[in-house]
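**Q** Got a structure for you, questions after.
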Amino acid sequence: TDLRPLDILSEAVPAGGALARGMRVFQVQGVRGFQLSASRPRALGFPASRLFIHCDRFPEEFSIIVTLRALRRPAKRNEYIFTLMLEESPSVLVGLRYAPDKLHFLFWSQERAGGWQTRVTFPNVSLSDNQWHTLVLAVSGQSFSLTVDCSIPKDVVVETPFPASLSVRRASFYLGNRRRRKGVFTGLLRQLVLLPGADATPRICHSVNFKVATLSVPSVLQDVPAKPVSNEVLKYPYETDMKVTLGARPRCSKQEKTQFWFNASRRGLYLCNGSTWLSMLEVQHRLDYVDEYQNLVTNSETMGIEVFSIPKVGLFAAMANRITPPGSAIYRWTDGKFVHYQNIPTYQAQSWKYFTIGKKIFLAVANFEQNERGQEFSVIYKWSRRKAKFVTYQRITTHSARDWEAFVIEGEAFLAVVNHREGNNHNIDSVIYRWNPRTGLFETNQTIPTSGAYDWEFFTIGPYSFLAVANTFNGTSTKIYSHIYIWLSGSFQLFQSILTFGAADWEVFHIGDRVFLAVANSHSYDSGMPAPSNFYAINSSIYELNITAQMFVKFQDLLTYSALDWEFFSVGDDSFLVVANSFDGFTFSVNSIIYRWQGYEGFVAAHHLPTVGCRDWEAFHTPEGSYLLYSSAKEPLSKVLKLKTT
């Protein structure tokens, strides 16, 4: 069997590059695709013999790969992605059509007199959402498997197998239709490939950008158009009627709408929307130096910070303060500074987490100690629009809670707490709660064993959801495994274990299509081993997702000093990591460091920042600029640093 991909979509575009009648190129969300016209469905067809050169039989085992962007359509509307039909018959030999919530694969069996058509239906396939999706349909006998955006395959077994010998003599492929105007595909089609004899999923699912994963795409849809001959201009619809004005700021009115202006002095490109010039591209700022901007006196030492914005209200910073009373404070950004806004009773608070559910706004605190009555609760507060304050909403029993993490999976809201220890026992369960919309409360959904845990980190990669825990101490050693869990079949299951040393924080971040996970290692201690020369001078590590191996592999080690937090941020096109160094074995006055991403060199130290017992970093932006805010676990003073750019 010839295993080369058969590019059905490219076959409809002649070698000279001119598009068939009824085809136009459009670019949406940075990705190009064909729009197909319903007026001339036969013009979007070609003889099957152009693909099946040496054999006029459709393969018995194969994959069909489709990348499309389907529009939201009425619920009962069916549209065809492609069909293979005999010239003298209205029957579909092979075809693919979709409805808003299902996908149908059609094929014709000719083993009985007259033959009959079989329809294989994949339910709960949501394609009509104006987003790009890549589908891989693998067919082998009675087994049919559909993978959408490299998620978990949907498998269907039917009574009628795909025919072992399906003749395609005098048959033609039709793009987006079944040779009729009714049911014509109204979205954009980017990829349509037939791969004989193989399941194409491993060949497709090796990129982070699953939704537009590519096996074969027509040249006119590729990222860089083919170079025109001599001075000829490419004339696809997405490139026509463009006018760029140079020089001083021109007028922008309805007459100039959709025209561009290039500002040479600022190296910026602007688009006229009919009234004003909108910035499309400006020269990117670069980080020059970091300036101390505000000394923020806090109620007491601060264990964690949460910076968040409430729509139509403003920017806030919640401080997790150690001492009660007066508890923890919330500050509001006012006239370019953080100003005290609200006090909330807390009990050696460790961290805050801001999240929303629908229109409800919440702020959860992780309390480390018991209250005056000997009760140990962490508390969820709800924003009261009437009072313009956070008010108590739900108390949850926790055990020396260190951190909350809020996330949404498949439309459901979850809240996970890290329980650090119960008495002297560090090996206890941390808990994941699920929001019950009927009661309006969080209820226990799953428990996960942890060891002196400090931090949860939730992240998604394509259709998959992950939750990483930073395990710190098991009662005898800090040299223990921290774990990454993956959401499968309604619960988190172990995905990977990574050896860490007093892990205090995980930070996930993306650079281009690459996915990284950084761990902050705080100290190395093992009661059964000789003491090292310095417990606290220890490497923290950055891991990168290896798609082929389906695991995170170590990318880089960085020497840190009892690191307690990583924070990723960007300035222009540059990416940075800042580490919270808290103690070097001798003093809490230790430089925390900003590392700049240098490509193949990895992260390189760029700025050294004097800090005292640094516990947490938060990056934030306002119309006035970009800032870093750090908290000190050793003095009642946090600092706002302004990022100066050139």
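**Q** Name, by its number, the condition in (1) farther than 29 Å from MET23 by Cα; (2) open to solvent by 10 Å² or more (accessible area, probe 1.4 Å); (3) touching a strand residue (DSSP E or B) at 6+ places or on another chain (Cβ under 8 Å) that does not hold for SER167.
**A** (1)
**Q** Now for a different question. Say we look at the range 323-334 and pick out the residues that are farther than 16 Å from SER631 by Cα and at pLDDT below 95; which of these is least open to solvent (accessible area, probe 1.4 Å)?
**A** This residue is THR324.
**Q** What residue, among those in the range 442-480 that are part of a strand (DSSP E or B) and among the aromatic types (Phe, Trp, Tyr), is nearest to ILE152 (Cα to Cα)?
**A** This residue is TYR464.
**Q** Return the pairs, sorted by first residue and then second, in which the second residue is acidic (Asp, Glu), the first residue lies in the range 395-414 and is in the same structural domain as GLY462 (by the TED database), the beta carbons are less than 6 Å apart, and the residues are 6+ apart or on different chains.
**A** Taking only residues 6 or more apart or on different chains, the pairs are HIS399/GLU422; ASP403/ASP455.
**Q** Report whether or not LEU559 is open to solvent by less than 10 Å² (accessible area, probe 1.4 Å) and of a type in the set (A, V, I, L, M, F, W, C).
**A** Judged against the criteria, LEU559 is not a match.
**Q** Same structure again: Could you identify the single residue in GLN370, GLN348 that is buried (at least 18 other Cβ atoms within 10 Å of the Cβ), closer than 22 Å to LYS634 by Cα and not aromatic (Phe, Trp, Tyr)?
**A** Values: GLN370 fails: buried (at least 18 other Cβ atoms within 10 Å of the Cβ).
The conditions single out GLN348.
**Q** A further question follows. Quick check, is ASP565 among the charged types (D, E, K, R), part of a loop (DSSP other than H, G, I, E, B) and either under 28 Å from the mean Cα position of the chain (by Cα) or at negative phi (or both)?
**A** no
**Q** Of the conditions (1) at pLDDT 90 or above; (2) open to solvent by 10 Å² or more (accessible area, probe 1.4 Å); (3) not basic (Lys, Arg), LEU189 clears all except one; give me its number.
**A** Here LEU189 clears every test but (2).
**Q** Turning to a different aspect of this structure: Which residue is least open to solvent (accessible area, probe 1.4 Å), if the candidates are limited to the range 580-596 and must be assigned to a strand (DSSP E or B), out of contact with any Asp or Glu (no Cβ under 7 Å at 6 or more places or on another chain) and hydrophobic (A, V, I, L, M, F, W, C)?
**A** ILE594
**Q** Moving to a separate point now. Looking only at the range 103-140, which residues are surrounded by fewer than 18 Cβ atoms within 10 Å (Cβ to Cβ), closer than 22 Å to ILE204 by Cα and at pLDDT 90 or above?
**A** Selection gives HIS104, SER140.
**Q** Out of all the residues in the range 446-465, which are open to solvent by less than 50 Å² (accessible area, probe 1.4 Å) and without any contact (Cβ under 8 Å) to a residue 40 or more places away in the chain?
**A** Across the range 446-465, the qualifying residues are THR450, SER451, GLY452.
**Q** Within the range 485-503, is even one residue part of a strand (DSSP E or B), in contact with a Gly (Cβ under 8 Å, 6 or more places away or on another chain) and either more than 23 Å from ILE461 (Cβ to Cβ) or not hydroxyl-bearing (Ser, Thr, Tyr) (or both)?
**A** Looking for residues that are part of a strand (DSSP E or B), in contact with a Gly (Cβ under 8 Å, 6 or more places away or on another chain) and either more than 23 Å from ILE461 (Cβ to Cβ) or not hydroxyl-bearing (Ser, Thr, Tyr) (or both), one finds none in the range 485-503, hence no.
**Q** Residues of the range 536-562 being in a strand (DSSP E or B) and in contact (Cβ under 8 Å) with a residue 60 or more places away in the chain, which ones? Lay out the reasoning, then the answer.
**A** Step one: of the range 536-562, the residues in a strand (DSSP E or B) are 537-546, 551-561.
The answer is ILE542, LEU545, PHE552.
**Q** In the range 620-646, what count of residues is obtained for those that are open to solvent by 30 Å² or more (accessible area, probe 1.4 Å) and hydrophobic (A, V, I, L, M, F, W, C)?
**A** Final tally of qualifying residues: 1.
The values are calculated or read from the model by the stated rules, or taken from the named source; none is laboratory data. On a predicted model such as this, the values are computed, not experimentally measured, just so you know. Ideal geometry is used to build each Cβ from the backbone, glycine not excepted, and the neighbour counts take in all protein chains shown. Keep in mind that these areas ignore ligands, DNA and RNA; they rest on the heavy atoms of the full protein, side chains included. Shrake-Rupley method; radii C 1.70, N 1.55, O 1.52, S 1.80 Å.
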